[in-house]
Amino acid sequence: MPYDRPIVGQHSDQGALAPPVPRHRHAVLPARSGAPLFPSGRSLTVLAFLVVAVPFVVALVRLLAAPTAHLTLPDDLALIDLHTRRALAWQQQLGVFDHNNWNHPGPTYFYALSLVYRALGSGTRSLFVGATLLNGLAAAVCVAVVRRRTTPGRALWAAVWIGVLGIVLAAAGPASTTYSESVLGALVSPWNPTVVLFPLLLTLLLCAGAVDRSGVSLVGALLVASFVVQTDISTLPVAAALVAVAAIVWSVALVRAGRRSGDPAGGHRGHGTVLAVAGFVALVVLWLPPLIQQWTNHPGNLTLIWRFFTASHPGQSLSASLWSVAAAGAVVVVGPGEVMRSILGGTPAHAALSVGVSLLTVAAAAVTVGVAARERARFAAGIGVMVLVGSIASVVAVAHVVGFVFGYLVLWVVVLPIAALIGIGMVQLPVPAVRVGAVRVGLCALGIVTGVILCVRVLAIPPLAQAADPHVGRLAALVEPHLVPGGRVMVGDAGAGTTGTQLLDTEEFIGLVNVLDQRGRHPTVNAFWRAEFGPGYLSDGHEDRVVGLSTWSPASPGRPGYVGRVGDMAVTVTDRSGAVVPVAR
């Protein structure tokens, strides 16, 4: 019998790995007792959501309870904080700055974070709370999508592997993170390369729902994929390929259904149409800010992105692309530490393991497609197809990386083996009917163990205070006493950085601008920093104070306006004419 007849209904009591109904006309089903098999479908559904929800609730409670006084952020996190405050004023049109002098396509992430800022106030706590909420909501919706299209037991199976992804991303500390992400790790980090992981998994599952002829799932996939691409453009090839294949399959199924029924719409009307229309309206709203920026700037950001990726930049070889994807996929086993601080492209440290994970991912997806096709299990087949498409698109994506392939650029590949494992549980396996109860009990035990381990990992995440950069706080403490209350300050650099390289300490520079902006000091920067901060922060030469950061030397204390040293940086504060200024009162 078709796969989805007994399991699509919302009140189905089928469990994961439930046996197929005998097809032979004389087959006899096992007798059913008066009491249902333990545990019930409702229990499985509740447990599935608890497995993914409770750990994120624990993380949120920890973040909300943590003191946030004097927490100052550096580098990318400081920029995300600053851009979110601009979104509060409806002034943010683009995503995070990229070092190739363009921005990620859109600001949806910042406007999502701004909702938390309005509730809790701006600052470090709101930034991490917002990112954790996004991750938790995406994980819960992943379970909801699986439950909507399959059975309670299969939803719990999916929750187990989503929990495993959470366990992997809960790795914290310098060995598992980068300076941009902060030592708290990817599970609660607001850094854009890590905040797209759960949404990308959700995109894949929604695309599988579209393969199962759900127009609402297709629109949902477009919306979530838009968020993912706007937040991290490195996901564009994968997200675009997933949505394109899902749209093609859905369209073909719709045409065929229309031909059979004589109705061009295939008989799909009602509340689904309303949701689809609302989704398309939301899609237009998501892309309106970057389109306005494109129309009002010459060249616009989308033009800059197009020029960059269509120029004759040397990309990566097929070998480098394959090794990069394999190393990123192995994160599901070895954790993020091996790739987050690595430059990929060569043979990884765990080469055999990386190859094994990649081969098993493809094999699991292929088996899922084959078995699901025989069972007419469209959702399961959709997951398998999306994993295969995503694997190919991942190699294509890495091949177009210009320069070094840093691990964080392809960390999202870890979603594919997780999706393959979810998919293999969506097909019918030959489990005798008398053992279904035992399978359910075992699955419940697995879910509870996964949830407990994830909670323990969450509790081991360092406290929020460790996300702060003490150098940024020290810079602000030196500068603020010399600023004019209600005035403006220009923050400039003169090669500030390490003595040996004379490179600018970019992380602390951006962090100082963000702190001054957060405290209402109206900071500006020179034209070199236009892409990072946006046109609203460009200096016009009429600021009341000028902060200068330069590489410290023994002669630095003799400079006009010298106020102190932070690390390798000498700090000066003058008025716009270069004269020494007194401490403001």
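Side notes on the structure shown:
- For region 433-440, the count of residues that are surrounded by 20 or more Cβ atoms within 10 Å (Cβ to Cβ) and either touching a residue at least 60 places away in the same chain (Cβ under 8 Å) or out of contact with any Gly (no Cβ under 7 Å at 6 or more places or on another chain) (or both) is nonzero.
- Residues located in region 193-216, provided they are surrounded by fewer than 24 Cβ atoms within 10 Å (Cβ to Cβ) and either assigned to a helix (DSSP H, G or I) or polar (S, T, N, Q) (or both): G215, V216
- In this structure, G185 does satisfy being small (G, A, S) and within 24 Å of A53 (Cβ to Cβ).
- For region 338-389, the set of residues classified as in a helix (DSSP H, G or I), touching a Pro at 6+ places or on another chain (Cβ under 9 Å) and more than 20 Å from L206 (Cα to Cα) consists of E338, V339, S354, V357, S358, L360, E375, listed by residue number.
- Out of L302, L318, L286, sole residue that is under 27 Å from V413 (Cβ atoms), of a type outside the set (F, W, Y), touching a residue at least 24 places away in the same chain (Cβ under 8 Å) and exposed (fewer than 14 other Cβ atoms within 10 Å of the Cβ): L318
- Single residue of L77, L113 found to be within 24 Å of V284 (Cβ to Cβ), crowded, with 24+ Cβ neighbours inside 10 Å and of a type in the set (A, V, I, L, M): L113
- When region 293-326 is filtered for residues that are polar (S, T, N, Q), in a helix (DSSP H, G or I) and more than 30 Å from H350 (Cα to Cα), the ones remaining, listed by number, are Q293, Q294, T296, N301, T303, T310.
- Test: residue in region 144-166 that is of a type in the set (F, W, Y), under 15 Å from L200 (Cα atoms) and touching a residue at least 60 places away in the same chain (Cβ under 8 Å): yes
- Filtering region 338-360 to residues that are among the β-branched types (V, I, T), over 12 Å from G407 (Cβ atoms) and surrounded by fewer than 16 Cβ atoms within 10 Å (Cβ to Cβ) leaves only T347.
- L94 vs. criteria within 20 Å of V284 (Cα to Cα) and crowded, with 19+ Cβ neighbours inside 10 Å: yes
- Residue check, V332 of a type in the set (A, V, I, L, M, F, W, C), on the phi < 0 side of the Ramachandran plot and under 21 Å from the mean Cα position of the chain (by Cα): yes
- Any hit, region 436-445, residues being out of contact with any helix residue (DSSP H, G or I) (no Cβ under 7 Å at 6 or more places or on another chain) and modelled with pLDDT of 90 or more: yes
- Any hit, region 393-402, residues being over 23 Å from W306 (Cα atoms), β-branched (V, I, T) and part of a helix (DSSP H, G or I): no
- Of residues in region 35-88 being touching a Lys or Arg at 6+ places or on another chain (Cβ under 9 Å) and at pLDDT 90 or above, the one farthest from Y117 (Cα to Cα): L44
- Residues of region 327-337 that are in a loop (DSSP other than H, G, I, E, B) and buried (at least 23 other Cβ atoms within 10 Å of the Cβ): A330, P336.
- Count of region 480-531 residues which are charged (D, E, K, R) and at pLDDT below 85: 4
- So Q93, is it within 31 Å of the chain's Cα centre (by Cα), at pLDDT below 50 and either among the basic types (K, R) or assigned to a loop (DSSP other than H, G, I, E, B) (or both): no
- Looking across region 160-186, the residues that are in contact with a Ser or Thr (Cβ under 8 Å, 6 or more places away or on another chain) and crowded, with 22+ Cβ neighbours inside 10 Å come down to V160, G163, L169, T177, E181, S182, L184, G185, A186.
- Among residues of region 116-133, those that are under 19 Å from V515 (Cβ atoms), at pLDDT 90 or above and either touching a Gly at 6+ places or on another chain (Cβ under 8 Å) or part of a loop (DSSP other than H, G, I, E, B) (or both), counted: 1
- Residue under evaluation A138, criteria (1) closer than 18 Å to L283 by Cβ; (2) out of contact with any Leu (no Cβ under 7 Å at 6 or more places or on another chain), criterion not met: (2)
- Condition check for V396: of a type in the set (A, V, I, L, M), touching a Pro at 6+ places or on another chain (Cβ under 9 Å), surrounded by fewer than 16 Cβ atoms within 10 Å (Cβ to Cβ) and modelled with pLDDT of 90 or more: yes
The values are calculated or read from the model by the stated rules, or taken from the named source; none is laboratory data. Everything numeric here is computed off the predicted structure, so don't read it as measured data. When we count neighbours, we look across all protein chains shown, and the Cβ atoms used for this are built from the backbone with ideal geometry, even at glycine.
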